[in-house]
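Below you'll find the structure, written out as structure tokens, and then a few comments.
The values are calculated or read from the model by the stated rules, or taken from the named source; none is laboratory data. Being a predicted model, the structure only gives us computed values, none of them experimental. FYI the Cβ positions are ideal-geometry reconstructions off the backbone, even for glycines, and counts take in every protein chain you see. To get the accessible areas, we keep the full protein, side chains included, count just its heavy atoms, and leave off ligands, DNA and RNA. Shrake-Rupley method; radii C 1.70, N 1.55, O 1.52, S 1.80 Å.
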Amino acid sequence: MAWRGLRGAGRLARPPSEATYDPVVSSRLDRSWLVLASHQTAEADRCVDIFRRPEGTFGFEEFRKDPEDMGRWTPVSYFSGWQYPTEDETLDAACATVPWLGPLVGR
């Protein structure tokens, strides 16, 4: 599959060569997806969830929480459409895409 850029906040990220993209995704995480890790800033205003889908692929999504959202987590981009074969590749892609995540998780 050809690489496509990720939309959102003016960022483009190249996924690992094994990643695929599903263009039909919810703006929130699907209830059937199992969140394996949720990495949150010290200010608790940004987080990245790493999840596994029922068919065994992995993905991530970045969220923000602002006062005008009444405390709800709101997706920042459409990262959850990317599918990765392993949790480790997913975290690598998330760290390459979300600038604050790498230092938070020590990568």
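List of remarks:
- Within the range 49-103, being among the charged types (D, E, K, R) and closer than 15 Å to His39 by Cβ holds for Asp49, Glu61, Glu62, Arg64, Lys65, Glu87, Asp88, Asp92.
- Inspection of the range 53-61 identifies at least one residue that is closer than 19 Å to Thr41 by Cβ and in contact with a helix residue (DSSP H, G or I) (Cβ under 7 Å, 6 or more places away or on another chain).
- Taken together, the residues in the range 28-83 that are farther than 16 Å from Leu104 by Cα and among the β-branched types (Val, Ile, Thr) amount to 4.
- For the range 28-51, the count of residues that are buried (at least 16 other Cβ atoms within 10 Å of the Cβ) and modelled with pLDDT under 90 is nonzero.
- If you go through the range 84-102 and keep only what is touching a residue at least 24 places away in the same chain (Cβ under 8 Å) and not in a loop (DSSP other than H, G, I, E, B), you end up with Tyr84, Glu87, Glu89, Thr90, Leu91, Asp92, Ala93, Ala94, Ala96, Thr97, Leu101.
- All positions within the range 53-96 that are open to solvent by 10 Å² or more (accessible area, probe 1.4 Å) and among the hydroxyl-bearing types (Ser, Thr, Tyr): Thr57, Thr74, Tyr78, Thr86
- Under the condition of being in a strand (DSSP E or B) and small (Gly, Ala, Ser), the residues counted in the range 29-75 number 3.
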